[in-house]
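Data first, discussion second: the structure below is written as structure tokens.
Laboratory data are not the source of any read-out in this text; all were calculated from the coordinates shown. If you're wondering where the values come from, they're calculated on a predicted model, not measured in any experiment. Cβ coordinates were reconstructed from backbone atoms using ideal geometry, including for glycine residues, and neighbour counts include every protein chain displayed.
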Amino acid sequence: MLRVADLAYLDLSEAELETYRAQIDEILEYIGKLNELDTSKVEPMAQVLSDHQTADATLREDLVVPSAVAEDVLKQAPDPEPPYFRVPKVIER
Amino acid sequence: MNETWTITSVREAIAAKKTSAREIAAEYYRRIAERNGKLNAYLTLCEGRAYAQADRIDALVAAGKPLPPLAGVPIAIKDVISTREVRTTCGSKILSNYVPPYDATAVLRLEAAGAVILGKTNCDEFAMGSSNENSAYGPVQNPAAPGCVPGGSSGGSAAVVAADLAVAALGTDTGGSIRQPGAFCGIPAMMGSYGRVSRYGLIAFASSLDRIGPFARSVADTAKVLQIIAGRDPQDSTSTTAPVEDYSAALNKRVKGLRLGISKQYFGKGMNAGVREKIAAGIELYKKLGCEIVDIEMPHTDYAIATYYIIATAEASSNLARYDGVRFGPRVDGDTLIAMYRKTRGAGFGSEVKRRIVLGTYVLSAGYYDAYYLKGQKVRALIANDFRKAFEKVDAIVTPTSPVPPFRLGERTNDPLQMYLADIYTVTGSLAGLPGISVPCGRLEGKLPVGLQIFGPAFGEARVLQLAHALEQAGGATL
């Protein structure tokens, strides 16, 4: 559980860790019922639409279009310094 | 005045100058001021935007110009759908101050068709939940069943339509989040095929499953809203180029001779006896209307919840990685970048969202990917294949929307697995990408609403709406 919380960059309290551990064990046990099915010959389905249903999406022209939302986007940041987002120090010298 | 408006009556009254778009918007805002305090269904109102749009419609009337199809119709938008300059929280603290710089395509299309956007509706945080109790902004009351949940995750959208605080609303459905609250609040609620409505501007939960769709007080109005928002959008590469049918024209076609599939896998143990009775009565009504009832087998139905909670949480853990305190939302400071991420996310997300991020991260992590995520994708293919085979024999599939009627607020919050299992009849169609509607099918003891669900083949929205309309017109709501 700690490893997963690390992977997800998620701070969890002791109480949360304990609750989730029990609940997620129960959910994973339930999910285990999928092993009743033999899927050795089944192709995984990552998405429901076939290529021809979104044909022009995958083959559209690569056109440059104007987009001037950068200023609006930066307004939403907790600590902006236009044209940048400011964050705590990433690399120690 | 508490007149129940429809899309047609609003448009006609405005055209005939019996009222104006501005007066109708004002009337709805009066109702909201009076009743939203108790319901908690609207989170944010956008009067300025609504009145500006209403004035545009009234100017068309004054100039004698033709009115667009949704002229002056007050519509509410679920708070996971982006609205320019109108706060959009996703029911989460982590977006408590977020104001999108652009509109979702569905919102733009509604306004282009004349609709007046009243405000944003409460929902489970990031659309994760079946009762609306996972909102950071408090639960919503079910106007059709006081003391009960409105369903979720689009509980606010269902509630405002059922309470007549909007003529229609947009919700989103990932595993049942439109259809189940529609059933619980006693109104029609529709999810088109995956790709039918653009997801541009829909804040992502599980991208291979998420869909935007309408709530309204009649199937006819549901069809009118879907008509406007359906269709290819270059901004969403998964929106389909498949042609959009004329939904309103399909409504009054005769249903006689249509073959309806009934699968015993959708009437299993754990199903409420009263719901079973009402759905049986709904099926009887279809027989009277001349439909042929065909027994079908959907052998993988029982695996759908497990499959869904692998795929949806895996996609969510990836999609929600963006909430890190850098670009939007409140930040919790930390000494390092990683500490800042961890604290911001730990403080900003609610407990169900964290639970799903943990589960989704786990099923995608090294060593478990094949056992869970890949396995889930394979079973998803088997579930989709059940539907493919069934639609070789039938025109539509009829099921209950939910195995249970609306439950009491607080009744199920401590047991996530039990809450997940309430979605058992809706997640199948989500995984298969098919269109589905929930339409009112009686009330238990005259009170708790029951919804009947109709699935159609891919892009069979017109057929689904036609059948729902037939049940409604034959008195389905009062069975």
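Here the sum of -39500 (n - 2.57) over DSSP H runs of 4 or more residues, divided by the residues of chain B, equals -11500 deg cm²/dmol at 222 nm, to the nearest 500. Relative contact order for region B:7-241: 18 percent, from Cα pairs under 8 Å spaced at least 6 residues apart, divided by residue count.
Computed on the Cα trace of chain B, the radius of gyration divided by the Kirkwood hydrodynamic radius gives Rg/Rh = 0.96. May I ask for log10 I(q)/I(0) of region B:64-124 at q = 0.30 Å⁻¹, from a Debye sum over the Cα atoms as equal point scatterers with solvent left out? Each listed q maps to, in turn, -1.24. Every Cα-Cα pair in the protein assembly as shown was counted, and those over 41 Å apart are 19% of them. Per-residue packing, averaged as other Cβ atoms within 10 Å, sorts the ranges B:46-59, B:393-406 into the order B:393-406, B:46-59, beginning with the highest.
Ranked by how many other Cβ atoms sit within 10 Å of their own Cβ, fewest first, the residues B:Ser263, B:Ser365 fall in the order B:Ser365, B:Ser263. The mean number of partner chain beta-carbon atoms within 10 angstrom of a residue's beta-carbon across peptide B:324-335 is 4. As a rough footprinting exposure proxy, the listed residues B:Cys291, B:Cys441 were ranked by other beta carbons within 10 Å of their own, and the order from fewest upward is B:Cys291, B:Cys441. DSSP loop GluC sites (Glu not before Pro) in region A:3-90 with at most 15 other Cβ atoms within 10 Å of their Cβ, which ones? Those satisfying the criteria are A:Glu61.
Restricting the calculation to Cα atoms, region B:7-241 yields a radius of gyration followed by a Dmax of 16.1, 48 Å.
Across peptide A:20-31, what mean number of C-beta atoms from other chains lies inside 10 Å of a residue's C-beta?
Details: counts 6, 1, 0, 8, 6, 0, 3, 12, 8, 1, 6, 13.
The mean count of partner-chain Cβ atoms within 10 Å per residue comes to 5.
Rounded to the nearest Hz, the phi-derived 3J(HN,Hα) couplings of region B:267-283 under the Karplus curve 6.51 cos²θ - 1.76 cosθ + 1.60 (θ = phi - 60°) are 10, x, 5, x, 8, 4, 4, x, 4, 3, 4, 5, 5, 4, 5, x, 5, where x marks glycine and proline. Taking a quarter of the surface of the Cα convex hull of region B:111-190 gives a mean projected area of 5.0 nm².
Just check chain A against the gyration tensor rule for me: Cα atoms, a ≥ b ≥ c as the square roots of the eigenvalues, rounded for a/c under 1.5, and otherwise prolate or oblate depending on whether a/b exceeds b/c. Since a/c reaches 1.5 but b/c is at least a/b, the shape of chain A is classed as oblate. Per residue, the average separation of C-alpha pairs within less than 8 Å and at least 6 apart gives chain B a relative contact order of 17 percent.
Report the far tail of the P(r) of region B:384-474, meaning the percent of Cα-Cα pairs longer than 23 Å.
When every Cα pair of region B:384-474 is considered, 32 percent fall beyond 23 Å.
Residues whose amide H comes within less than 5 Å of that of B:Gly442, counting only those at least five positions distant or on another chain, are B:Val450, B:Ala477, B:Thr478, B:Leu479 (H built at 1.01 Å from N in the peptide plane). In percent, rounded to a whole number, the relative contact order of region B:158-198 is 34, using alpha-carbon pairs under 8 Å and six or more apart. One Cα centroid belongs to region B:60-98, the other to region B:328-387; the line between them spans 30 Å.
My understanding is that a pair violates if its Cα-Cα distance is over 27 Å; which of A:Lys33/B:Lys278; B:Lys287/B:Lys447; B:Lys224/B:Lys389; B:Lys393/B:Lys447; B:Lys38/B:Lys278; B:Lys93/B:Lys120 do that in this structure? Long pairs (Cα-Cα over 27 Å): A:Lys33/B:Lys278; B:Lys224/B:Lys389; B:Lys393/B:Lys447; B:Lys38/B:Lys278. Here r is the Cβ-Cβ distance between B:Lys389 and A:Glu36 and R0 is 25 Å; the resulting FRET efficiency, rounded to 0.05, is 0.80. Semi-axis lengths, largest first, of the ellipsoid equivalent to region B:201-322 are 31, 25, 13 Å, with √(5λ) applied to each eigenvalue of the Cα gyration tensor. For the protein assembly as shown, a crude dipole built from +1 on the beta carbon of Lys and Arg and -1 on the beta carbon of Asp and Glu, taken about the Cα centre, is about 1020 debye to the nearest 20. Considering only B:Pro181, B:Gly64, B:Gly213, and ranking their Cα positions along the charge dipole of region B:7-241 that arises from unit charges at the beta-carbon of Lys, Arg, Asp and Glu, the one farthest toward the positive end is B:Gly64. Across peptide A:34-45, the average count of Cβ atoms from other chains found within 10 Å of a residue's Cβ is 6.
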